[in-house]
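Take a look at the structure below.
Any read-out appearing in this document is the output of simple, stated calculations on the displayed coordinates, not a laboratory observation. It should be emphasised that the depicted structure is a prediction, and the values quoted were computed from it without experimental measurement. A quick note on method: Cβ atoms are made from the backbone with ideal geometry, for glycine too, and the neighbour counts reach across all protein chains shown.
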Amino acid sequence: MPAPETDRRLASAHSTSQSHPWSLGWRVWLWERTDLAVGAALAVLLVVAVGIGPATVSGLALAVATPVLWRVDVAERRLPNALVLPIGCLALGGLVALGVGEGAWPVAPIATVVVAALFFGILSVGGGMGMGDVKLAIAVATVLALVRVDAVIVAALVAFGAGGVAALVVHVRSRQRSIPFGPFLLVGFWTALVLSR
C-alpha cells in the first residue's frame, strides 16, 4: 500500500498531467530518490549489457522511467502516456537511425515490432490487456528489437510466465481477477536485455 506522501505526489502528478501536453510529462511526473537510484542502476546495466548503439537513447529513457512506471501502474493501474510515448518515439527514431547507418531498412526489427503490435493489439481487443500495457509492450519490443530480435520473444515469455504465476497467486489469495501487467513487461524487458549479452 503506497504511503500517504506517495499518494499525494501521485494525485498531484495525475491532476497536473491532465492539463499539460504529454511532452511535458517528464517534468510533471515526480521521481523519488529511490526511483532515481534504481533508474541510474538500470541505465548502467543497459550500457554494460548492450553498449552504445541504436537502442541506447530509448533504452536509457526506459531505464529512468522504469521505477516510476512500475510504481504508478501498481498504485493507479495505468501507465502514463507522458512516459511511455516518448520512449516509443525514441525507439522508432533508433529504427530510423539503424536503417540510415546500414543503408537499408532493418527488415527483421521492423517486422518484429509489427508482429508485437498486432499480437498485443489483439489481446487488447479481446479484453485481456489495457491499452497502456499495449503501448508499453510495443515500446519495449521496439527497444529490444534494436538489440536482438529474439530478445523480444524472451521478454514476452518472461512477462507472461511471471504475470501468469502472479495472477494465479493473487486470485487464490484474494479472488481478484486482474493485476497490473506493466511491471511484468518491465521484468521481461530487463531479463531479456541481460540474457541478450
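A compact table of results
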quantity: Cα convex hull of the range 88-177 - mean projected area over all directions, nm²; calculated: 6.1
quantity: Likely footprinting exposure, 175, 78, 148, fewest C-beta neighbours within 10 Å first; calculated: 175, 78, 148
quantity: Difference of contour (0.36 nm per residue) and Cα-Cα distance, residue 105 to residue 176; calculated: 21.1 nm
quantity: Burial ranking of peptide ranges 185-196, 107-118 (average Cβ count within 10 Å, highest at the top); calculated: 185-196, 107-118
quantity: log₁₀ of I(q)/I(0) at q = 0.11, 0.14, 0.15, 0.20 Å⁻¹ - the range 4-195, Debye sum with one point per alpha carbon; calculated: -0.49, -0.79, -0.91, -1.51
